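Take a look at the structure set out below.
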Amino acid sequence: MQAFELVNQYGDMLYRICLLSLKNHADAEDAVQEVFLKYFTRAPEFDSENHRKAWLITVALNQCKTIHRQKKRSIPTEPELLKISETISQENHAILDALVQVPEKFRIVLILYYVEGYKIQEIANLIGKSSSAVKMRLSKGRKLLETIYRKEYLS
């Protein structure tokens, strides 16, 4: 696959994942750039397009973890985070704002499941956890998201 095609096909998805994880526009762009750099310098042979996509997401998640470790501090939410899509409603803006307040281990699973459309077993493979752990994180993540949303936007 050509570089331009790869970036067009996966760039936005990887950026959304990194932005929601890192809560910082510049860091998300850096993370995505590193993912593509790693792809072009040391990606393995892929059996299918799904395998390529899973590899890119896994590398993106690992790159976000690396950036978090390097910073070792909480990163404030940027207003740019709410500019992911200009077409989403006010309620969805509130949900997105609440989502960034959910702890990362739950937020990543919620994003992969609800935003990117991955199945539970696929998420388990991507993050290196069991299916039951993913189900638990989805359940707890939904509860945390609901609690944050109700507290921030419905009271």
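So which residues in the range 104-118 are over 16 Å from Thr58 (Cβ atoms) and open to solvent by less than 50 Å² (accessible area, probe 1.4 Å), if there are any at all?
Listed by number, the residues that qualify are Phe106, Arg107, Leu110.
Quick one: in the range 53-103, of everything that is of a type in the set (S, T, N, Q) and at pLDDT 75 or above, which residue is least open to solvent (accessible area, probe 1.4 Å)?
Within the range 53-103, the match that is least open to solvent (accessible area, probe 1.4 Å) is Gln63.
The values are calculated or read from the model by the stated rules, or taken from the named source; none is laboratory data. Keep in mind the model is a prediction, meaning the values are calculated, not measured. No Cβ is skipped: glycine too gets one built from the backbone with ideal geometry, and neighbour counts run over all protein chains shown. The protein model used for the area step is the full one, side chains on, heavy atoms only, and it has no ligands, DNA or RNA in it. Shrake-Rupley method; radii C 1.70, N 1.55, O 1.52, S 1.80 Å.
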